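Note sheet for the following structure.
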Amino acid sequence: MAATEPTTVAPPAAHEGILRRQSLRESAARTYARSLPIVPVRARGLTIEGADGRRYLDCLSGAGTLALGHNHPVVLEAIKKVLDSGAPLHVLDLATPVKDAFTTELFATLPRELADDARIQFCGPAGTDAVEAALKLVRTATGRTGLLAFTGAYHGMTAGALDASGGATDVRVTRLPYPHDYRCPFGTGGERGAELAARWTEHLLDDPKGGVPAPAAMILEPVQGEGGVIPAPDDWLRRMRRITDDRSIPLIADEVQTGVGRTGAFWAVDHSGVVPDVMVMSKAIGGSLPLAVIVYRSALDAWQPGAHAGTFRGNQLAMAAGTATLAFVRENRLAERAATLGARMLGRLQGLAASHPCIGDVRGRGLMIGVELVDPDADDGTRDGAPPPAPSLAAAVQRACLDRGLIVELGGRHSAVVRLLPPLTLTDEQATAVLDRFADALAAAERSRQHHPDPTGPSH
Ligand code: PMP
């Protein structure tokens, strides 16, 4: 943010009052608001300014939504253009020039084989709405109701998406092992772990007594985000494609979080060359405004008119902001930039891990980065060969980051993974500043833990 910009922030007293009223009036289910007690009033790029006048480097990016950071000029310009044009802002699912341009730009980014034969369904505004649409689509097209989904998955908060997420127990959902190098369920990790995971999947599907309800689809995240930043090996993904192809099971790739350059390819499936039958997209495609779609092969388009409806499927401002974002990422090769910068950041974090035993694992792809914190001195109660996760240390690191003006996210099964999801526009200098603050916060949290050891488990 330019130093000359006027400061209109509220005084600290107002900041406190807003936070107090929020805690009194908003639901007990509020999430980020608990761990990040800030009151954003202005933002630009990587930076958020709070009502207390403090500035923060935002590596949460609206849970991975802001591919271009906050208020990028091309996004603001696209929104203003629609507002100034007199175009209707609410149009249900009617055709408009704004939607036409969005669809054209989105299709240009897709794997060619899919783009040549694709249909698009504009869904309700959230990622979870698009997941629901995808599940309904494949169930209609196949006449089957079962679903194959993975351990550690996160697909959203509506009923069907929740069933597909790890932790759910819907009888129609068969839970399959997602390869996990660091906490490998087979105790091997690496290629061998992924091979065993694939073999288990194959075996289960072909076992007539395997108890698998006839699957309408397999749904997976190419990199699990909420599950703890776990990239699927490309070979394993190709294997899942073969397994589903051979058995006429549609493959759904949930690219809600991984899309639009985040992982170092425009779509995360591009790394492996896998072409899914359905792609679920949201977050970054709306350029910071709510937008969610599914794109799928025309052969699956067995819906009757009105089979999937919804009032808010025509957000013109989101489509315009999304078109500008998609075009900017494509034209400026930001996926490649994410790959290079992400690799550099991972390297530096791995260096940090060498001198901090509490860093159990550093992993990620592109600018989707996770640092799993562990208790290196505790007995291994998890039986996967890795030290137990350290959620209270992770929470302390998150707090120490905030104290140093850095916003990070926590994730993973045990909330012990510190997640970095910076905008793809991150400069080298900003990346250094982020990592400097993180390293300092980690050291501080470690020091205070040595002085006040905390034997408790998860902090929430
Ligand atoms: N799928 C994935 C992979 C996600 O990461 C998320 C959100 N974190 C969702 C679906 C759900 O999106 P939303 O929160 O917009 O409903």
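The values are calculated or read from the model by the stated rules, or taken from the named source; none is laboratory data. This is a predicted model, so every value here is computed, not measured. Using ideal geometry, Cβ is built from the backbone for each residue, glycine included, and neighbour counts are taken over all protein chains shown. Only protein heavy atoms, including side chains, enter the accessible area calculation; ligands, DNA and RNA are left aside. Shrake-Rupley method; radii C 1.70, N 1.55, O 1.52, S 1.80 Å.
In the stretch 150-189, how many residues are out of contact with any Gly (no Cβ under 8 Å at 6 or more places or on another chain) and in a strand (DSSP E or B)?
1
Please determine, by comparing only the residues of the stretch 161-182 that are open to solvent by 40 Å² or more (accessible area, probe 1.4 Å) and under 15 Å from residue 204 (Cα atoms), which one is farthest from the ligand (Cβ to nearest atom).
So the residue we want is 172.
Only one of (1) more than 16 Å from the ligand (Cβ to nearest atom); (2) more than 18 Å from the chain's Cα centre (by Cα); (3) closer than 25 Å to residue 425 by Cβ fails for residue 314. Which number is that?
If we test residue 314 against (1) more than 16 Å from the ligand (Cβ to nearest atom); (2) more than 18 Å from the chain's Cα centre (by Cα); (3) closer than 25 Å to residue 425 by Cβ, just (3) comes out false.
Can you name every residue in the stretch 313-322 that is more than 13 Å from residue 94 (Cβ to Cβ) and open to solvent by 30 Å² or more (accessible area, probe 1.4 Å)?
Passing the criteria: only 317.
If residue 94 satisfies every condition in (1) in a helix (DSSP H, G or I); (2) within 30 Å of residue 116 (Cβ to Cβ); (3) in contact (Cβ under 8 Å) with a residue 40 or more places away in the chain; (4) over 26 Å from the mean Cα position of the chain (by Cα) but one, which is the exception?
The failed condition is (1).
Could you tell me which residue of the stretch 326-347 is farthest from residue 366 (Cα to Cα), considering only residues that are in contact with a helix residue (DSSP H, G or I) (Cβ under 8 Å, 6 or more places away or on another chain) and open to solvent by less than 70 Å² (accessible area, probe 1.4 Å)?
327
Do we find a residue being open to solvent by 10 Å² or more (accessible area, probe 1.4 Å), out of contact with any Asp or Glu (no Cβ under 8 Å at 6 or more places or on another chain) and within 15 Å of the ligand (Cβ to nearest atom) anywhere in the stretch 229-236?
For the stretch 229-236, residues open to solvent by 10 Å² or more (accessible area, probe 1.4 Å), out of contact with any Asp or Glu (no Cβ under 8 Å at 6 or more places or on another chain) and within 15 Å of the ligand (Cβ to nearest atom): present.
Yes/no matrix, rows are residues, columns are (1) of a type in the set (Val, Ile, Thr); (2) assigned to a helix (DSSP H, G or I); (3) open to solvent by less than 20 Å² (accessible area, probe 1.4 Å):
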site	(1), (2), (3)
352	no, yes, no
357	no, no, no
361	no, no, no
377	no, no, no
393	no, yes, yes
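If we keep just the residues of the stretch 132-157 that are of a type in the set (Val, Ile, Thr) and under 20 Å from residue 306 (Cβ atoms), which is farthest from the ligand (Cβ to nearest atom)?
The extreme case among them is 140.
Against the conditions (1) under 23 Å from the mean Cα position of the chain (by Cα); (2) over 30 Å from residue 301 (Cα atoms), where does residue 232 fall short? Just the number, please.
Here residue 232 clears every test but (2).
Quick one: is residue 304 closer than 30 Å to residue 90 by Cα, in contact with a Gly (Cβ under 6 Å, 6 or more places away or on another chain), assigned to a loop (DSSP other than H, G, I, E, B) and open to solvent by 10 Å² or more (accessible area, probe 1.4 Å)?
no
Report, ordered by the first and then the second residue, all pairs with beta carbons closer than 9 Å, sequence separation of six or more or different chains, a first member in the stretch 393-422 that is touching a residue at least 24 places away in the same chain (Cβ under 8 Å), and a second member that is in a strand (DSSP E or B) and among the aromatic types (Phe, Trp, Tyr).
402/56; 405/56; 406/56; 407/56
What about residue 101, is it under 17 Å from residue 289 (Cβ atoms), in contact (Cβ under 8 Å) with a residue 40 or more places away in the chain and of a type in the set (Gly, Ala, Ser)?
When the stated conditions are applied, residue 101 passes them.
Is it true that residue 197 is buried (at least 24 other Cβ atoms within 10 Å of the Cβ), more than 16 Å from the ligand (Cβ to nearest atom), modelled with pLDDT of 95 or more and under 21 Å from residue 181 (Cβ atoms)?
Yes; evaluated as a whole, the condition is true for this residue.
Report the residue count in the stretch 11-57 for those that are out of contact with any Gly (no Cβ under 7 Å at 6 or more places or on another chain), outside any helix (DSSP H, G or I) and either closer than 27 Å to residue 68 by Cβ or of a type in the set (Val, Ile, Thr) (or both).
Matching residues across the stretch 11-57 total 14.
Taking the stretch 200-225 on its own, how many of its residues are more than 16 Å from the ligand (Cβ to nearest atom) and not hydroxyl-bearing (Ser, Thr, Tyr)?
Residues meeting the conditions: 16.
Just to verify a result, which residue in the stretch 114-131, among those that are assigned to a helix (DSSP H, G or I) and away from the ligand (no atom under 14 Å from the Cβ), is nearest to residue 247 (Cα to Cα)?
Filtering the stretch 114-131 for residues that are assigned to a helix (DSSP H, G or I) and away from the ligand (no atom under 14 Å from the Cβ), the one nearest to residue 247 (Cα to Cα) comes out as 114.
Among the residues of the stretch 239-274, write down those that are open to solvent by 20 Å² or more (accessible area, probe 1.4 Å), touching a Lys or Arg at 6+ places or on another chain (Cβ under 8 Å) and either more than 11 Å from the ligand (Cβ to nearest atom) or not in a loop (DSSP other than H, G, I, E, B) (or both).
266, 271, 273
Restricting to the stretch 25-52, and then to whatever is hydroxyl-bearing (Ser, Thr, Tyr) and open to solvent by less than 50 Å² (accessible area, probe 1.4 Å), can you tell me which residue is nearest to residue 400 (Cα to Cα)?
Here the residue is 35.
Scanning the stretch 415-430 for residues that are closer than 20 Å to residue 226 by Cβ and out of contact with any Gly (no Cβ under 6 Å at 6 or more places or on another chain), which turns out most open to solvent (accessible area, probe 1.4 Å)?
415
Could you pull out the residue among 109, 65 that is within 27 Å of residue 432 (Cβ to Cβ), under 24 Å from the mean Cα position of the chain (by Cα) and not small (Gly, Ala, Ser)?
65
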